[in-house]
Amino acid sequence: MSKRLSHLIVRTRHWIDRSDLPSRWRARLTQDADSVPLAQASGERWLGRWAGIATLMGLCLYLICGYHAGFLRLNALAADYPSWVWACLTVLGDERVAFALTLFFSLRHPRLFWALILSALLAIAASRGLKELFDAARPPAVLAADAFNLIGPARERVSFPSGHSVTAAVFCGVLILHTRWIEWRLLLLLIAILVGASRVAVGVHWPLDVIAGLTLGALAAWLGGRLAVRWPGPATRLSVHLTFVALAVLAAFSLLFDDGGYAQAALMQRLLGLGALASAVWWYLVAKPVPMETSPGRSNPS
């Protein structure tokens, strides 16, 4: 099996080298590098207010009611809605799902893709560090099984902050940073909040974990966006780009076979994985760069 896989990889590399794909990819990266505007100042203000309000809410909740405050009430309210709704929402915060979704625009908008990569790396480092530092117990480790509603696997450790909330906030935050449309920003903010709320609904995080995750994700998106503006070179460097694209393809493939413990959302995850892979095949193997039109204020060199 390993020999067949090695042979397939070698043949694939040989085919790519003999084709014009690398030159087409470079042309696409160069052509589309400026198709996404730089981080909008108004977007930065949105993320700043988002982080500020969430921090204030978290501090008030913790100081007045304690770390576990609000969980039982919110979890009970969420139980009135179908469990598959919360399962589908919560998997949107899965790092694999977020990474796979970047295949829909990675080649068309390389600067946006690069900003997401930088923001995600910052968020992962901060989130994993805080989880190990605090090592807080999750609801299944503290509460009796019949005291709350649990959907999916019963995880017990490293509760603070919520990793799914961080992922959703990073993904939506970077998009908020780069779009001018208020309607899109409101929708993206709502999605991030719903993904965070789903972590309480499925019974694996305290509300304070979610608030901290949304705050951390917004800050990582803000900082990653700024770094991407100051360090744009890797966005159009083919070797760097293809490395992260390959990882995104692997993430998309994993969605076809592993539901992450949420069987009710398995179909949605497979559809997202297939859609992301189909998009990658189209943009990287089929579609060709469209010749750039000359701007009104410029003339073609003779």
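The values are calculated or read from the model by the stated rules, or taken from the named source; none is laboratory data. Not measured: the values here are computed from a predicted model. When we count neighbours, we look across all protein chains shown, and the Cβ atoms used for this are built from the backbone with ideal geometry, even at glycine. In case anyone asks, the SASA skips ligands and DNA or RNA and just uses the protein heavy atoms, side chains included. Shrake-Rupley method; radii C 1.70, N 1.55, O 1.52, S 1.80 Å.
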I'd like to know if segment 88-100 contains one or more residues that are over 24 Å from the mean Cα position of the chain (by Cα), under 14 Å from residue 204 (Cβ atoms) and open to solvent by less than 50 Å² (accessible area, probe 1.4 Å). no
Considering only segment 260-278, I want to know if a residue exists there that is open to solvent by 20 Å² or more (accessible area, probe 1.4 Å), within 17 Å of the chain's Cα centre (by Cα) and modelled with pLDDT under 95. yes
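When segment 202-218 is examined, which residues are found to be part of a helix (DSSP H, G or I) and either at positive phi or surrounded by fewer than 24 Cβ atoms within 10 Å (Cβ to Cβ) (or both)? Please lay out each step first, then the result.
Step one: list which residues in segment 202-218 are part of a helix (DSSP H, G or I), which gives 207-218.
Listed by number, the list holds a single entry, 215.
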Among the numbered criteria (1) open to solvent by less than 40 Å² (accessible area, probe 1.4 Å); (2) of a type in the set (Gly, Ala, Ser); (3) modelled with pLDDT under 95; (4) assigned to a helix (DSSP H, G or I), which single criterion is violated by residue 27? (1)
Would you mention how many residues in segment 51-77 are over 19 Å from residue 198 (Cα atoms) and either acidic (Asp, Glu) or in a helix (DSSP H, G or I) (or both)? 11
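In this structure, is residue 195 crowded, with 20+ Cβ neighbours inside 10 Å, β-branched (Val, Ile, Thr) and not in a helix (DSSP H, G or I)?
On the way: crowded, with 20+ Cβ neighbours inside 10 Å: yes; β-branched (Val, Ile, Thr): yes; not in a helix (DSSP H, G or I): no.
Answer is no for this residue.
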Do the conditions hold for residue 239, that is, is it modelled with pLDDT of 95 or more, of a type in the set (S, T, N, Q) and either out of contact with any strand residue (DSSP E or B) (no Cβ under 6 Å at 6 or more places or on another chain) or open to solvent by 30 Å² or more (accessible area, probe 1.4 Å) (or both)? no
